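The next block holds one structure in the form of structure tokens; read it before the comments.
The values are calculated or read from the model by the stated rules, or taken from the named source; none is laboratory data. All figures in this text were calculated on a predicted structure; none of them were measured in a lab. Cβ placement follows ideal geometry from the backbone for every residue including glycine, while neighbour counts extend to all protein chains displayed. Just so you know, the surface numbers come from the protein's heavy atoms only, side chains and all, with ligands and any DNA or RNA stripped out. Shrake-Rupley method; radii C 1.70, N 1.55, O 1.52, S 1.80 Å.
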Amino acid sequence: MRRAARALLALSALAGTSAAHAEFPDRPVTLVVPYAPGGAADALARLLAQHMAGKLNTSIVVENRAGASGTIGESYVAKAAPDGYTMLYDATPYSINPHLFAQMPYARTALQPLSLVSLAPNVLIVKADSPYRDVQGLIAQAKAHPGKINFASGGSGTVQRLAAELFRQKLQLDMVHVPYKSGGPAITDVMTGQVDFMFSTVAASSPLIDAGRLRALAISSPERSPRLPQVPTVAEAVIPGYEVYEWNGVFLPAGVPDAVAARLHDALVQALKEEEVRKRFKDLGAQPVGSTPAAFADYLKKEDAKWAEVVQRGNIRLD
């Protein structure tokens, strides 16, 4: 009798838990973006939130918690209740920061991957009337004049910097890094010839390329970009296997119940299948993905290993 009573209590508790999960969500969900408003990650996060909300029958509030290369927002979500009501929309600096900061403000195990959302390549740009007509010409000049070619970025911890550093390391070039506070001023100085080149986002640079104000020499993805099909890849032009993406992905605080995480994952994947969403992502030079949590975790391990090596070899420090 006692065993039967215990079994009934266990079943009742399980049923209660399942019912609670089935009711999720019964209030608004918060999607934290650890970067400033107005950037590509923020724009894509807001679009995704809008369409996920429709799948979940609730509202999703996008909250920007910028600062410290994204670690402020990441730390906030890492310490949030693991109930599914707080999500993190992060990007590539998540994989770079642990190798730049002496100590991270949260444990990496405090966040669990939900899905890789998108992949966006960088494009190597020079000013429109630059003497460099192709990436081979830029490399030849750098080899002929060590230490004379410079490249811009939006800061030492950015993908722009790391993409150029990987490029420099693979070709054993002696070039000078010029960091800026953000990507916008860096692009402006490339246009005016104050710096020789930079790796920039397709979203930020393609309108200027189309307008004839910048010249694109190479793209950082393994395949050519549909947004810039005439631009060769770095891999096909000079460095086989070269691959750099600005990825976006969603994380949850570790410990979110499986049923709740599954509900959020399903809403995310379904939102990414909508034509309006896919078109907007592609307009911004991003490839929508929508992966399993396990596939995203595997991708993060590869990114972590790649950027750890680049940072160490380049002795890169935060500005």
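Among PRO121, GLN136, THR292, pick out the residue whose Cα is farthest towards the positive end of the charge dipole of the chain, where Lys and Arg carry +1 and Asp and Glu carry -1 on C-beta, about the Cα centre.
Towards the positive end, the residue furthest out is THR292.
Dipole of the chain (Lys/Arg Cβ +1, Asp/Glu Cβ -1, origin at the Cα centre): which of ALA102, LEU44, GLY183 lies farthest to the positive side?
Among ALA102, LEU44, GLY183, the one farthest towards the positive end of the dipole of the chain is ALA102.
Give, in nm to one decimal, the length gained when the segment between ALA128 and SER182 is fully stretched (0.36 nm per residue of separation minus the Cα-Cα distance).
My answer for the length gained is 17.3 nm.
Using C-alpha positions alone, give me the convex hull volume of the stretch 213-319 per residue in cubic angstrom.
164
Could you work out how far helix 293-314 tilts from the main Cα principal axis of the chain, as a 0 to 90 degree angle to the nearest 10?
Taking the Cα atoms of the chain, the angle to 293-314 is about 40 degrees.
D for the chain, whole µm²/s, Stokes-Einstein with Kirkwood Rh over alpha-carbon pairs at 10 °C and 1.306 mPa s: what number?
The estimated diffusion coefficient comes to 76 µm²/s.
Could you bin all the Cα-Cα distances of the stretch 116-249 into 5 Å bins starting at 0 and give me the percent of pairs in each, rounded to whole numbers?
Binned Cα distances yield the sequence 2, 12, 22, 27, 23, 11, 3, 1, 0.
At a Förster distance of 41 Å, what's the computed FRET efficiency of GLU274 paired with ASN315, Cβ-Cβ distance as r, to 0.05?
On the way: r = 45 Å, r/R0 = 1.09.
For R0 = 41 Å, the calculated efficiency reads 0.35.
How much length, in nm to one decimal, is gained on full extension between GLN141 and GLU236, taken as 0.36 nm per residue of separation minus their Cα-Cα distance?
On the way: separation 95, 0.36 × 95 = 34.20 nm, distance 1.96 nm.
The GLN141-GLU236 span can extend by a further 32.2 nm.
Whenever you get a sec, compute what percent of the accessible area on the stretch 42-153 sits on carbon and sulfur atoms (1.4 Å probe).
C and S fraction of accessible area: 52 percent.
May I ask for the percentage of alpha-carbon pairs in the stretch 235-281 that lie more than 15 Å from each other?
Considering the stretch 235-281, 65 percent of its Cα-Cα pairs are separated by more than 15 Å.
Tell me the angle of helix 159-171 to the major Cα principal axis of the chain, expressed in degrees between 0 and 90 and rounded to the nearest ten.
For 159-171 against the chain, the angle is about 50 degrees.
Tell me, what ³J(HN,Hα) does each residue in the stretch 223-233 have, in order and in whole Hz, if you take phi through Karplus 6.51 cos²θ - 1.76 cosθ + 1.60 with θ = phi - 60° and put x for Gly and Pro?
10, 5, 7, x, 6, 9, x, 7, 8, x, 7
Mind giving me the FRET efficiency for ASN150 and ARG213? R0 is 25 Å, r the Cβ-Cβ distance, nearest 0.05 is fine.
The value I calculate is 0.80.
Per residue, how many Å² of accessible area does the chain show with a 1.4 Å probe?
Accessible area per residue, the chain: 45 Å².
Per DSSP helix of 4 or more residues, -39500 (n - 2.57); summed, then divided by the residues of the chain. What does that give at 222 nm, rounded to the nearest 500?
-13500 deg cm²/dmol
Only residues of the stretch 166-205 count here: report those whose backbone N is under 18 Å from the spot 7 Å along Cα→Cβ of ALA36, or say none.
Zone members listed by number: 179-190, 200-201, 203-205.
Looking at the chain, what % of its DSSP beta bridges pair antiparallel, to the nearest 5?
60
Which lysines, if any, have their Cα less than 30 Å from the Cα of LYS127, not counting same-chain residues under 8 positions apart?
The reachable lysines, counting only those whose Cα sits under 30 Å from LYS127, are LYS143, LYS148, LYS170, LYS181, LYS279, LYS282, LYS306.
Roughly what % of Cα-Cα distances in the stretch 140-181 sit above 14 Å, to the whole percent?
Pairs farther apart than 14 Å: 43 percent.
Mind pulling the angle between the C-alpha long axis of helix 2-22 and the longest principal axis of the chain? Nearest 10 degrees, somewhere in 0 to 90.
40
If contacts are Cα pairs under 8 angstrom and at least 6 residues apart, what is the relative contact order of the stretch 61-211 in percent?
On the way: 184 pairs, mean separation 36.4, N = 151.
Once normalised by length, the contact order is 24 percent.
Could you grab the relative contact order for the chain? Cα pairs under 8 Å, six or more apart, rounded to a whole percent.
25
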